[in-house]
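Here is the structure we will look at, set down as structure tokens.
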Amino acid sequence: MHTTQDLNRAADNIRILSAATVEKAKSGHPGGAMGGADFINVLYSEFLEYDPENPCWEGRDRFFLDPGHMSAMLYSVLALTGKFSMEDLQQFRQWGSITPGHPEYDLSRGIENTSGPLGQGHTYAVGAAIAAKFLKARFGEVMNQTIYAYISDGAVQEEISQGAGRIAGHLGLDNLIMFYDSNNVQLSTYTNSVTSEDVAMKYRAWGWNVIEINGNDVTEVRVALREAKAEKEKPTIIIGKTIMAKGAVASDGRSFENEIETHGQPLGASGASFVDSVKNLGGDPENPFVIFEETKAIYAKREVQLKEIMAEKKQAAKAWEAKNPELAAKLAQFFSGNAPEINWDEIEQKPNQATRAASATVLSYLAQHVENMIVSSADLSNSDKTDGFLKKTKAFAKGDFTGKFLQAGVSELTMACLCNGMALHGGVIAACATFFVFSDYMKPAVRMAALMQLPVKYIWSHDAFRVGEDGPTHEPVEQEAQLRLMEKLKNHHGQNSMLVLRPADVEETTVAWKMALDNTKTPSALILSRQNITDLPAANRKEEAKKAEKGAYIVESDENPDVILLASGSEVATLVEGAALLRADGIKLSLVSVPSEGLFRSQSEEYQETVLPKNVKKFGLTAGLPVNLLGLVGDNGKIWGLESFGYSAPYKILDEKLGFTAENVYKQVKSLL
């Protein structure tokens, strides 16, 4: 155990590095980082267990930072562990640096999650704790890790904290320890201007173990962490009262702690004196990027301890593997990140069903053949048809994670973030479902999944105005356009940031699920119909549907077509009906299904020209905004879409009133030609 004096000295070292990092960049958030230094120092120097030589070790403890604006604190403590250099800290927020303004997922440097949007980071931690429980239920003590999270006042205020707190308490996630940095200061005001709630009582009501401490007292931090580690029934929140910008002083020597101005700007710009603050903390303002000798000794000792801990754990794991070779191989496969091996041809679809029903058929099969898949639904499993999966397993419950289904309740954003956390933990395949219109609640988490390149699967049913009687509140129109933009947005590896699939019939749904599971690099979305859809014409539809793996393909074509009809989802079947009328009138055509424009545009120019030759006029049909098909139809054609909110009526009436009929397809194509 380290002395209080040495730990305080190391915490002051973190404060100096954090303040200097922000000062050098002339941008950032020093105050919170300076207040949180004591907790983060005790955590990393005495409690967090990881392999110093293999940051990707599956059995490691995991630390999830929620307030990404406190990145300087995380970079500074990781610099003490050898993950960053002093030069890296000095390049904070600069082009090409490995220390961006908000931390970005990078396991090689000890960063478990991208953080920034408040509330999401600690919800990832809850998801990771669920994944850890799931794996421990199957592999035992070799997957016995602790998940740590760090939250701020802003994260507590974000609505998502309700969902994360409720679910963690309900499931009794005793492997989760969360530190709440309660410093009573936020970016533009003191917290008492916006809230008067009793946070401790709130978490107790959710079933958490609540510990309240002085968050700047290293002894209290250590005792609280020990107590939290000993808790075997509940998740723990340690509410640490901390001092914003602890150690900051003005040029006249007066304290500049607990000042709003230090939250979101360098100390020198806030009214504090950077020079005098560094001196006050025992550093050299002329050379602040230094690791103190006392600090070096603490972290060198911890590295030795960690290597000893790893040696014991690896020896235990080796003995376990010898006794359980099949389980060991399974654990390795789970964490490989590879797509599961599935015989997709075994899946038999009932013809002419809704694609949500076809998805249920696939999910039923996957529940029996993909052992590490976890599916969640936001209180809609019997409607989004994830009950196809649930019927072959059972939902998680406190003390029982042998099932594979998470009942998230009515909390779409929370659910999506939990799946991000599961994916970040690794070892599981996470999927979640709700109505497509409620994807609006999920967009912030979907964007973060795309940024972190997490292979989460989104299942969105009730895909268009054909929701019908429920009316415009439940009828998605603009949602598909929003998601299609994510296919156009590239991630930092130059890939489409997301795969968005809207299958045209039951067999395309099977293929869409294959593409989603094979996609291990980015998130995937399946957009599914509520109503039944007539299968597309083919001698062997199951084989023909496999062409969907290129994103778009010719369903049927006449020689030298006068026009190309194209769509995704249920509108393709409407085009088939319209095509019969057009052919009866002597018009030659090609019919194209486009489940994913982004994937199609990733194919060779030759293939794209084969499917959609530039010199042939095109007609597009979409139940969303016309812009959905603009990149495919271009100027040499016409698009029939929906340019208003929907209406409440039976869906077949809406088809007629809104022009989604064979007769209107005929009419529009004739006018185009």
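The values are calculated or read from the model by the stated rules, or taken from the named source; none is laboratory data. Note that the coordinates shown come from a computational prediction; the quantities given were computed from them, not determined experimentally. With ideal geometry, Cβ positions are generated from the backbone for all residues, glycine too; neighbour counts draw on all protein chains shown. Quick note on the areas: whole protein, heavy atoms, side chains included, nothing else; ligands and nucleic acids left out. Shrake-Rupley method; radii C 1.70, N 1.55, O 1.52, S 1.80 Å.
For the reader, a short list of remarks on this structure follows.
- When the GluC sites (Glu not before Pro) in the stretch 221-284 are filtered for DSSP coil states and for at most 14 other beta-carbon atoms within 10 Å of their beta-carbon, the remaining sites are Glu233.
- Take the Cβ atoms of Ala297 and Lys490, set R0 to 41 Å, and the FRET efficiency comes out at 0.35.
- Normalised by 2.2 N^0.38 Å, where N is the number of residues, the alpha-carbon radius of gyration of the chain equals 1.06.
- Rounded to 10°, Cα long-axis angle of helix 571-584 versus longest principal axis of the chain: 20 degrees
- 3J(HN,Hα) along the stretch 369-379: 10, 10, 5, 10, 8, 10, 10, 10, 9, 8, 6 Hz, from the Karplus curve 6.51 cos²θ - 1.76 cosθ + 1.60 with θ = phi - 60°, whole Hz, x for Gly and Pro.
- Rounded to the nearest 10 degrees, the angle from helix 662-672 to the longest Cα principal axis of the chain is 90 degrees.
- Between Asp535 and Asn352, the built amide H atoms are under 5 Å apart, and every one of these is 5 or more places off in sequence or on another chain.
- Full extension of the segment from Ser671 to Asn184, taken as 0.36 nm per residue of separation minus the current Cα-Cα distance, would add 168.8 nm.
- Residues whose amide H comes within less than 5 Å of that of Phe256, counting only those at least five positions distant or on another chain, are Ala248, Val249, Ala250 (H built at 1.01 Å from N in the peptide plane).
- Zone of Gln5's modelled label, taken as backbone nitrogen in the stretch 255-291 under 16 Å from a point 7 Å along Cα→Cβ: 282
- Inter-probe distance in nm under a simple model that places probes 7 Å from Cα toward Cβ, at Leu327 and Ala580: 5.9 nm
- Sorting 313-324, 568-579, 151-162 by their mean Cβ neighbour count within 10 Å, with the most densely packed peptide first, gives 568-579, 151-162, 313-324.
- Förster radius 60 Å - calculated FRET efficiency between Glu212 and Val616 (Cβ-Cβ, nearest 0.05): 0.25
- Heavy-atom accessible surface of the chain: percent carbon and sulfur, 1.4 Å: 49 percent
- Shape box of the stretch 19-173 [Cα atoms, principal axes, largest first, Å]: 47, 38, 28
- For the Cα trace of the stretch 432-577, dividing Rg by the Kirkwood Rh returns an Rg/Rh value of 0.98.
- Zone residues, the stretch 422-440, relative to Glu478, backbone N less than 15 Å from point 7 Å out along Cα-to-Cβ: 437-440
- The count of lysine pairs in the stretch 134-276 with alpha-carbon distances below 30 Å, taking only pairs 8 or more places apart or on different chains, stands at 12.
- Calculated from backbone phi, Karplus (6.51, -1.76, 1.60) coupling profile of the stretch 548-565 in Hz, x at Gly/Pro: 4, 5, 8, x, 7, 7, 7, 6, 7, 7, 8, 6, 6, x, 7, 7, 10, 9
- Our coupling estimate for the stretch 639-644, obtained by passing each phi through the Karplus curve with A = 6.51, B = -1.76, C = 1.60 and θ = phi - 60°, is 10, 10, x, 10, 10, 9 Hz, Gly and Pro reported as x.
- The calculated 222 nm mean residue ellipticity attributable to helices in the chain amounts to -12500 deg cm²/dmol, summing -39500 (n - 2.57) over DSSP H runs of n ≥ 4 and dividing by all residues.
- Within the chain, antiparallel bridges make up roughly 15 percent of the DSSP beta bridges whose residues both belong there.
- Residues whose amide H comes within less than 5 Å of that of Val592, counting only those at least five positions distant or on another chain, are Val555, Leu565, Leu566, Ala567 (H built at 1.01 Å from N in the peptide plane).
- Residue-normalised accessible area of the chain, expressed per residue, 1.4 Å probe, Å²: 38 Å²
- Nearest-ten-degree value, helix 439-452 long axis tilted from longest Cα axis of the chain: 60 degrees
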